[in-house]
Amino acid sequence: MKKIVILGAGYAGLMAANRLAKLSRNYQIQLINESENFIERIRNHEYSAGKELRTNKIRDLISKRVIFTQAKVECLDAKNQTISIANQNKKITYDYLIYALGSTANTKSESSYSVNTLWKADELKQVIQAKKAGSLWILGAGLTGIELATELKESYPEWKIGLLDQKPFAKNFSLKARNYFLETFYKMQIDLLENMEYRIQENGIYLNKTKTLLEADLFVQTFGFQCSDLGRRSDLQVNEKNQILVEPSLRALEFSNIFVAGDSAFVEGSSIRMGCVTAMPMGVHAAEMIHRCANDREVQDFSFGFAGRCISLGRKSGVIQLTNSLDEPQPRMIGGKLAAFIKELVCKYTVFSIRLERSFPFRTYFWPKEKILKEQDFSLNSGKLTSLS
Ligand SMILES: Cc1cc2nc3c(=O)[nH]c(=O)nc-3n(C[C@H](O)[C@H](O)[C@H](O)COP(=O)(O)OP(=O)(O)OC[C@H]3O[C@@H](n4cnc5c(N)ncnc54)[C@H](O)[C@@H]3O)c2cc1C
């Protein structure tokens, strides 16, 4: 009986656990997560805006064959294949490991809020509701920034909401989508400042270009997802965001029995970005690759093709930006109520897919498979990535 431990019960970890449970009866599968509930992180901005979220207990989302342990992972000793749990002397050993601990907030300043974790999203909700009205600037006008600004303005119209970015706004969208966002901001009275270098001060945000101070009661930072330093502390190779460097098969460099899925994984030169859209298929792929390893079969590269990006603009509108398989924007987009409906469907589909994968004895989760490596091809050579070109 092989023991497989999965760290993290987010989008990647849950999919991995449910897929593994149906691949063989010869696996003992243990899933470890710090909370007993599955956090739908993609709805954190809705939570900050006052929406009640449905609670999903992890135990109800996983196969009965998976042992669930509610605990905080403190240490991973990759060489000795053991995991230490916070406040317990107990060590957990494994034959194979799936590392799926996701990402967290990396706030630039102590005074910044965030919606990256549910705890931070709750902190923001409490402060907004306690203050009643004021001005709030969102630092970072990417996907999360856009969704948060519109969601907050819809729920708290008495608040002045602004978006501030050091880079050009929506540069990774079609012109049509960019114009749709700008029109929405105009209608909702959301301010946008782009291409603006700034620094956070106690009494506001200092804009370097105009040498002016932007007064703000609250700042929310939405850029800079960062992973925990657990990988770094465990002799795994990591990048500057603490993402673990993996081969295209999602296997950690130098540790053939560790696979990494979701936000924690970094495949050099690939189109993969942090998102539940990639975390779920990565979780399934990691499970399938462990099954191959356990049966002395060669691992395969992870493949995934993007189709579009879904952005909510409050509860009643949205934008679906169609993309090619490498996530590059195409001229076409869908806007308005239809886009809001599609986005909600996509959010519901994530939890539905996890339940579906748990409920049936056959594979239920599939995704478009395309090459993920962008500019170069990589091949495995002595456990390291080597560029062929
Ligand atoms: C506001 C917001 C909106 C978003 N919208 C979208 C979207 O529309 N589309 C999209 O694709 N992506 C979106 N994302 C990104 C998406 O939420 C993440 O990419 C996704 O959650 C990553 O999944 P994961 O399984 O890797 O990690 P997570 O979902 O973060 O799960 C990791 C799990 O590990 C647990 N954990 C962490 N550390 C420990 C520890 N030491 N011990 C025990 N347990 C631990 C965590 O509690 C968590 O349960 C959004 C994110 C935010 C914040």
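The values are calculated or read from the model by the stated rules, or taken from the named source; none is laboratory data. None of these values were measured; they are calculated from a predicted model. Here Cβ is always computed from backbone atoms with ideal geometry, including for glycine, and neighbour counts include all displayed protein chains.
Observations on the structure shown:
- Within segment 66-86, being surrounded by 14 or more Cβ atoms within 10 Å (Cβ to Cβ) and charged (D, E, K, R) holds for one residue alone: D77.
- Which numbered condition S249 misses (of (1) out of contact with any helix residue (DSSP H, G or I) (no Cβ under 8 Å at 6 or more places or on another chain); (2) away from the ligand (no atom under 16 Å from the Cβ)): (1)
- If you go through segment 114-144 and keep only what is within 16 Å of the ligand (Cβ to nearest atom) and farther than 23 Å from F38 by Cβ, you end up with I128, L136, I138, L139, G140, A141, G142.
- For segment 1-29, the set of residues classified as assigned to a helix (DSSP H, G or I) and more than 23 Å from the chain's Cα centre (by Cα) consists of A21, K22, L23, listed by residue number.
- Search result, residues across segment 187-239 that are touching a Leu at 6+ places or on another chain (Cβ under 9 Å), of a type in the set (S, T, N, Q) and in contact (Cβ under 8 Å) with a residue 40 or more places away in the chain: Q221, T222, S228, S234
- For segment 78-94, the candidate set comprises residues that are touching a strand residue (DSSP E or B) at 6+ places or on another chain (Cβ under 7 Å) and outside any strand (DSSP E or B); within that set, the residue that is nearest to Q28 (Cα to Cα) is Y94.
- Residues located in segment 232-252, provided they are of a type outside the set (D, E) and within 15 Å of G283 (Cα to Cα): I244, V246, P248, S249, L250, R251, A252
- Tally, over segment 47-77, of residues that are assigned to a loop (DSSP other than H, G, I, E, B), within 23 Å of E288 (Cβ to Cβ) and not β-branched (V, I, T): 3
- The C-beta contact set for segment 30-47 (first residue in the same structural domain as E74 (by TED's automatic domain parsing), second residue among the basic types (K, R) and within 8 Å of the ligand (Cβ to nearest atom), distance under 6 angstrom, 6+ apart or interchain) comprises E34/K72.
- Selection from segment 166-193 of residues that are closer than 20 Å to P329 by Cα and of a type outside the set (A, V, I, L, M, F, W, C): K167, P168, K171, N172, S174, K176, R178, N179, Y180, E183, T184
- Those residues of segment 254-270 which are part of a loop (DSSP other than H, G, I, E, B), more than 7 Å from the ligand (Cβ to nearest atom) and under 24 Å from R363 (Cα atoms), in sequence order: N257
- Against the list (1) modelled with pLDDT of 95 or more; (2) aliphatic (A, V, I, L, M); (3) more than 25 Å from L356 (Cβ to Cβ), the condition L14 fails is (3).
- Filtered residues of segment 154-170 (kept if over 15 Å from D217 (Cβ atoms), among the charged types (D, E, K, R) and out of contact with any Lys or Arg (no Cβ under 8 Å at 6 or more places or on another chain)): D165, K167
- Total residues in segment 119-174, condition surrounded by fewer than 20 Cβ atoms within 10 Å (Cβ to Cβ), among the aliphatic types (A, V, I, L, M) and without any contact (Cβ under 8 Å) to a residue 40 or more places away in the chain: 2
- Search result, residues across segment 271-290 that are hydroxyl-bearing (S, T, Y) and either without any contact (Cβ under 8 Å) to a residue 12 or more places away in the chain or in a helix (DSSP H, G or I) (or both): T278
- Search result, residues across segment 309-358 that are under 19 Å from R41 (Cα atoms), within 12 Å of the ligand (Cβ to nearest atom) and not in a helix (DSSP H, G or I): R309, C310, I311, S312, G318
- Just one residue in the set I62, I32, I42 is under 23 Å from the mean Cα position of the chain (by Cα), among the aliphatic types (A, V, I, L, M) and more than 12 Å from the ligand (Cβ to nearest atom); that residue is I62.
- Among the criteria (1) modelled with pLDDT of 95 or more; (2) within 28 Å of E247 (Cβ to Cβ), the one R43 does not fulfil is (2).
Okay, residues lined up against (1) out of contact with any Cys (no Cβ under 9 Å at 6 or more places or on another chain); (2) closer than 22 Å to M280 by Cα; (3) in the same structural domain as T184 (by TED's automatic domain parsing):
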| position | (1), (2), (3) |
| --- | --- |
| R309 | yes, yes, no |
| S312 | no, yes, no |
| L326 | yes, yes, no |
| M333 | yes, no, no |
| G336 | yes, no, no |
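- One residue from G275, G283 being within 12 Å of the ligand (Cβ to nearest atom), in contact with a Lys or Arg (Cβ under 8 Å, 6 or more places away or on another chain) and closer than 25 Å to W367 by Cα: G283
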